[in-house]
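Read through the structure below, which is laid out as structure tokens, and then see the notes.
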Amino acid sequence: MTQVRCEVQGVFVAFNDASTVPLVILNDGDGRILPIFIGIWEAVSINSARIKEVLPRPFTHDLFLDLCAKFNISMRSLQIDSIDNGVYYAQLVLVSDQHEEYLDCRPSDGIALALRADIPIFVDENVFAAAGQKNTDLPNIMDLATFLQK
């Protein structure tokens, strides 16, 4: 299984006449993107991590990182490793006392944590083959920050 390193291109809102849905877009740096539809609170958390916003009280993702630090657990990477019926699956790769452990997580939570912990995000090549797109294939989207100010 080939892993492709990706960056977060941004957090957006896709909209049409019937609905408005948040999404995060990962970019492989080679012109392919991976849009992942997520919940609004995960979108806010990912966007907050992207802009390095420090809040007066910790989000759940900040709390998780604090807990890991207290127990000497470090994060090595996030791996988005499969998609099944439109549902993405991911694993956080954690390390404690030289022991590597994989923790199942939603990609949106994993991305929020990866940005905060400054760890790489990898997407399995098979996931790109199944769900990858080009920027031109996206529906109508708007940056999350712009959407929230309307």
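Structure values in brief
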quantity: Of residues in the range 26-52 being in a strand (DSSP E or B) and of a type outside the set (A, V, I, L, M), the one surrounded by the fewest Cβ atoms within 10 Å (Cβ to Cβ); calculated: Phe37
quantity: Selection status of Leu67, out of contact with any Gly (no Cβ under 6 Å at 6 or more places or on another chain) and within 21 Å of Leu23 (Cα to Cα); calculated: no
quantity: Condition check for Ser19: closer than 11 Å to Leu144 by Cβ, out of contact with any strand residue (DSSP E or B) (no Cβ under 8 Å at 6 or more places or on another chain) and of a type in the set (Gly, Ala, Ser); calculated: no
quantity: Pairs where the first residue, in the range 119-147, is over 19 Å from Asp81 (Cβ atoms) and in contact (Cβ under 8 Å) with a residue 12 or more places away in the chain and the second is surrounded by 14 or more Cβ atoms within 10 Å (Cβ to Cβ) and among the small types (Gly, Ala, Ser), C-beta under 7 Å, 6+ apart; calculated: Pro139/Ala14; Asn140/Ala14; Ile141/Ala14; Asp143/Gly10; Leu144/Ala43
quantity: Pick from the range 12-25, criterion part of a loop (DSSP other than H, G, I, E, B) and not acidic (Asp, Glu), ranking: farthest from the chain's Cα centre (by Cα); calculated: Ala18
quantity: For Asp62: the one exception among (1) farther than 18 Å from Ser45 by Cα; (2) modelled with pLDDT under 95; calculated: (1)
quantity: Wholly enclosed helices (runs of 4 or more DSSP H) of the range 75-150 bearing at least 2 residues modelled with pLDDT under 95; calculated: 125-131, 144-149
quantity: Failed condition for Tyr88, given (1) touching a helix residue (DSSP H, G or I) at 6+ places or on another chain (Cβ under 6 Å); (2) free of Cβ contacts under 8 Å to residues at least 40 places away in the same chain; (3) among the hydroxyl-bearing types (Ser, Thr, Tyr); calculated: (2)
quantity: Any chance Pro58 is in contact with a helix residue (DSSP H, G or I) (Cβ under 8 Å, 6 or more places away or on another chain), surrounded by 12 or more Cβ atoms within 10 Å (Cβ to Cβ) and assigned to a loop (DSSP other than H, G, I, E, B); calculated: yes
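The values are calculated or read from the model by the stated rules, or taken from the named source; none is laboratory data. Just so we're clear, the structure is a prediction, and the values are computed from it rather than from any experiment. FYI the Cβ positions are ideal-geometry reconstructions off the backbone, even for glycines, and counts take in every protein chain you see.
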